[in-house]
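Take a look at the structure set out below.
Every number in this text was worked out from the coordinates using simple rules, so none of it is lab data. Everything quoted here is computed from the prediction, not taken from an experiment. We place every Cβ from the backbone using ideal geometry, glycine too, and count neighbours over all the protein chains shown.
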Amino acid sequence: MPLEPRAPRADAQRNRDRILAEAAALVAEQGTQASLRDIARRAGVGLGTLYRHFPTREDLLAALLGDHFDRLADRADALGAEGPAERALIDWLSEFVLRAGAHQGLPAALMATLEDLDSALHASCQRMRQAGGRLLAAAQREGAVRPDVTPLDLFALANALSWVTDQAPTLAERRGHLLHLVLDGLRARD
């Protein structure tokens, strides 16, 4: 009879939770390339403990950001069920751009998942992109979005907007305006 997986010990789970909490804070401050040593130090654990829970930086980012991507995928599904497809797409893209721009270096990490099928972030990012693709397809069926726009185009444009505001924080206050310009370019023309 196969053994049931054991729940982690309480202290191990506390360590993991502290690592994730400090990683979230440090990544928000310094970006996705924040020092793993600093994360461990701020969490009050040794570097070996961090690596035991997260063998690579990408594993840590997957645990930290994967739930963000899952929430965006779930949000896309909820928005798609609520109302007009164009409004759902606009609202979702706004949330995507805001969340992707919240962490320095995240737009680059998102783009890296496109080609790396073995990436720890690939599956959750793929799910998020597919959910956005469903919103796009619905908006195209309504005639609100150009038919030549692909889900990859949508992802690349939204990610590029996040990257620009990541690289030039002075543009962050213009994020909404820039998104409006991108959306204008996606609209179907007569």
Return the label of the correct value of Cα Rg over 2.2 N^0.38 Å, as calculated from the structure shown, out of (1) 1.16; (2) 1.01; (3) 0.95.
(1)
Is it possible to state the helix-based mean residue ellipticity at 222 nm for the chain, with each DSSP H run of 4+ residues giving -39500 (n - 2.57), the sum divided by total residues, to the nearest 500 deg cm²/dmol? What is it?
-23500 deg cm²/dmol
Can you work out ³J(HN,Hα) from phi for every residue in the stretch 34-41, in order, using Karplus 6.51 cos²θ - 1.76 cosθ + 1.60 and θ = phi - 60°, giving whole Hz and x for Gly and Pro?
4, 5, 5, 4, 5, 4, 4, 4
Between Glu29 and Leu178, take the C-beta separation as r, use R0 = 30 Å, and let me know the FRET efficiency to the nearest 0.05.
0.80
For Asp148, Asp91, order by how many other beta-carbon atoms lie within 10 Å, fewest first:
Asp148, Asp91
Note, ³J(HN,Hα) from phi for the stretch 70-86, Karplus 6.51, -1.76, 1.60, rounded to Hz, x at Gly and Pro
5, 5, 5, 5, 5, 5, 4, 5, 5, 5, x, 8, 7, x, x, 4, 4
Starting from 0.36 nm per residue, how many nanometres of slack lie between Asp38 and Asp148 once their C-alpha separation is accounted for?
35.0 nm
Gap in Å between the Cα centre of the stretch 123-157 and the Cα centre of the stretch 12-40?
32
Go ahead and run the numbers for FRET between Ala156 and Ala10, Cβ-Cβ distance against an R0 of 35 Å, rounding to 0.05.
0.20
